[in-house]
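The block underneath contains the structure these notes are about, expressed in structure tokens.
The values are calculated or read from the model by the stated rules, or taken from the named source; none is laboratory data. Keep in mind it's a predicted model, so treat the numbers as computed, not measured. Here Cβ is always computed from backbone atoms with ideal geometry, including for glycine, and neighbour counts include all displayed protein chains. All accessible areas refer to the heavy atoms of the entire protein, side chains included, with ligands and DNA or RNA removed. Shrake-Rupley method; radii C 1.70, N 1.55, O 1.52, S 1.80 Å.
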Amino acid sequence: MAQKCCKCKCAVSELHKERLNFQPVLPSVLKKGIANVKPVLGKATKSVADFDKIKAIFEKTYGMPVVSFQAGKNAVVSKKAIKVGVVLSGGQAPGGHNVIFGLLEGLKNANKNNKLIGFLGGPSGILDNKIMEITDKVIANYKNTGGFDMIQSGRTKIETPEQFEQAKKTILKNKMDALVFIGGDDSNTNAALLAEYLKKENTGVCVIGVPKTIDGDLKNEHIEASFGFDTATKIYAELVGNIERDVNSARKYWHFIRLMGRSASHITLEVGFKVQPNVVLIGEEVLAKKMTLGQIVDDLAKLVVKRSEMGKNYGVVLVPEGLIEFIPEMKALIAELNDLLAENEAQVAKLNSVDEKIAFISKKLPKNLASLLNSLPKNIAAQLMLDRDPHGNVQVSLIETEKLLIEMVSKKLKDLKKAGKYKGKFSTINHFFGYEGRCGIPSNFDANYTYALGYNAAALVLNNLSGYLSSVKNLVAKPSDWKCGGIPLTMMMNIEKRKGKEKPVIQKALVKLNGKPFKEFAKVRKDWALKDMYMFPGAIQFFGPSSVTDITTKTLQYEQK
């Protein structure tokens with residue numbers, strides 16, 4: 001009979017059993033314990049934009065210095081036992097359990113009587129006071145595993161005065177000294193607001209963030225990568241590589257593959273490096289060049305024709321999930337739809353059909369955008385009208401952009417065929433790889449990185465550095481050589497419009513067109529387009545030579561060359 005896991009009674013695979021035995025490597029600065037680490041304060045910081053507005057909102061936590069940890073005695077951290085809450089917020093990412101693993105071990109290393117309490121179901125667990133104590137026995141079943149199932153996650157936002165007050169009551173009722181938010185940009189914005197609120201209320205409660213998102217859009221010079229990105233891109237690359245091998249064998253289909261990444265194209269670019277397909281669409285380039293949907297379709301059709309003339313009626317196209325929001329005309333349409341659907345929420349809810357909703361909203365749109373909405377295939381227009389996410393954004397994962405491109409390229413090719421300019425075949429298969437990458441067993445890199453992020457978060461908590469984001473960098477080096485510290489959450493913020501209102505939000509890090517990774521891609525994409533330079537990376541390797549098991553992403557390697 002298969003061995004059973006924890007309270008959920010999942011069967012444990014042979015690989016799972018082996019991964020439970022893997023001991024992540026700590027950066028040398030943390031290896032001797034948090035009592036032997038002292039914080040060194042750098043210069044004061046400021047937000048990435050909208051300085052005055054952000055400063056006005058974060059009166060107590062704005063402008064704090066960057067912190068780095070160095071070896072040195074620090075008696076403060078073990079003086080009294082503390083209780084720390086931890087919450088997983090937002091979408092899953094490989095390595096979340098190891099953040100909690102590192103956090104628990106860091107706390108226990110400082111004082112064996114320190115306690116870690118998990119809030120169940122994400123931020124709603126804070127509001128509803130749903131908790132469980134996380135002990136060595138509990139964590140033993142989850143070390144180095146994927147998913148967030150130990151305490152689950154959720155997308156509830158703590159944003160109203162009543163919610164902030166309830167969060168404070170829960171934290172104080174449970175006599176917690178600190179709260180660690182493990183999440184992406186929106187979740188850590190929530191952490192920053194809660195840190196500010198609890199400081200204004202003189203609670204003495206410390207709030208720390210940990211950078212999580214497979215999208216890779218939570219990064220800067222101090223946060224070189226968000227956890228989960230490495231594992232997710234390796235999972236996607238295996239899947240796309242398998243498709244490329246099939247393409248290379250059958251040679252009769254064009255595969256259009258949409259990859260997760262709502263607001264940035266980091267995943268698509270990284271998977272592109274790993275598998276070298278014929279086309280890699282980068283949303284940020286589309287926006288910078290102000291390309292229309294028609295131009296993208298024309299470029300794809302030209303490549304299909306060119307390859308057909310070479311006897312190649314097949315190919316692989318990678319499409320970032322958020323591409324539709326980068327096309328300027330579509331971006332303008334979506335922004336208007338976001339505002340109009342928020343302003344007319346009650347009226348739209350009363351309408352029975354999608355056609356009625358489109359007709360109602362079209363009358364309120366500027367003429368050019370109404371025309372664009374009504375020119376789209378009906379299924380895409382309907383998807384643009386779907387309910388927004390909790391942050392007021394269109395749910396781009398539900399918009400089948402790859403099908404839109406297939407439909408429009410197919411129509412273009414039919415026109416070219418009628419004109420005698422194209423004689424080939426255009427048989428297509430579409431894919432969306434999203435959830436497949438979110439809960440995979442973390443790669444050795446992510447297992448080490450997340451453990452270090454959690455242990456480092458414990459150091460921030462024990463030094464009462466509220467309003468900071470856990471930072472572990474120098475990531476292309478060996479884990480023992482990684483550098484640890486923290487950056488103020490306010491340092492990453494700007495003002496953005498959400499549900500028609502200005503809100504402080506951590507700024508998303510987009511693919512930089514003048515950055516080294518994109519420049520490397522630009523050098524080779526013409527060859528990829530025509531020469532079939534497909535690569536087949538295979539599955540994530542956990543055992544074997546370090547050159548295979550511990551490799552970092554191409555993105556990181558190029559960025560730190």
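Please verify whether V25 is touching a Cys at 6+ places or on another chain (Cβ under 7 Å), at pLDDT 95 or above and open to solvent by 10 Å² or more (accessible area, probe 1.4 Å), treating the condition exactly as stated. So V25 fails the test. Scanning segment 348-378 for residues that are of a type in the set (K, R) and open to solvent by less than 70 Å² (accessible area, probe 1.4 Å) yields a count of 1. Taken as a whole, segment 197-207 holds no residue that is open to solvent by less than 10 Å² (accessible area, probe 1.4 Å) and of a type in the set (G, A, S). Could you tell me which residue of segment 113-145 is farthest from the chain's Cα centre (by Cα), considering only residues that are among the hydroxyl-bearing types (S, T, Y) and open to solvent by 20 Å² or more (accessible area, probe 1.4 Å)? Per the stated criteria, the residue is T135.
Of all residues in segment 282-304, those satisfying the criterion of being β-branched (V, I, T) and over 15 Å from K526 (Cα atoms) are V286, T292, I296, V297. Taking (1) touching a residue at least 40 places away in the same chain (Cβ under 8 Å); (2) within 30 Å of R307 (Cβ to Cβ); (3) part of a helix (DSSP H, G or I) in turn, F426 satisfies each apart from (3).
Each row is one residue, and each column tells you yes or no for (1) buried (at least 16 other Cβ atoms within 10 Å of the Cβ); (2) within 26 Å of the chain's Cα centre (by Cα).
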residue: Q383; (1), (2): yes, yes
residue: Q395; (1), (2): no, yes
residue: I399; (1), (2): yes, yes
residue: L405; (1), (2): yes, yes
residue: V409; (1), (2): yes, no
residue: K417; (1), (2): no, no
residue: G424; (1), (2): yes, no
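Only one of the numbered conditions (1) surrounded by 19 or more Cβ atoms within 10 Å (Cβ to Cβ); (2) not in a loop (DSSP other than H, G, I, E, B) is violated by H431, and that is (1). For L556, indicate whether it is part of a helix (DSSP H, G or I) and open to solvent by 30 Å² or more (accessible area, probe 1.4 Å). No.
Counting only strands (runs of 3 or more DSSP E) that fall entirely inside segment 443-548 and contain at least 2 residues that are hydroxyl-bearing (S, T, Y) and open to solvent by less than 30 Å² (accessible area, probe 1.4 Å), the qualifying elements are 468-473.
Condition test on E221, is it of a type in the set (D, E) and part of a helix (DSSP H, G or I)?
no
Scanning segment 232-271 for residues that are open to solvent by less than 50 Å² (accessible area, probe 1.4 Å), among the charged types (D, E, K, R) and closer than 20 Å to L303 by Cα turns up E244, R258.
Taking helices (runs of 4 or more DSSP H) as the structural unit, those lying wholly within segment 325-422 and holding at least 2 residues that are among the polar types (S, T, N, Q) and modelled with pLDDT of 90 or more correspond to 367-375, 401-418.
The lone criterion from (1) in contact (Cβ under 8 Å) with a residue 60 or more places away in the chain; (2) outside any loop (DSSP other than H, G, I, E, B); (3) surrounded by 19 or more Cβ atoms within 10 Å (Cβ to Cβ); (4) hydrophobic (A, V, I, L, M, F, W, C) left unmet by M150 is number (2).
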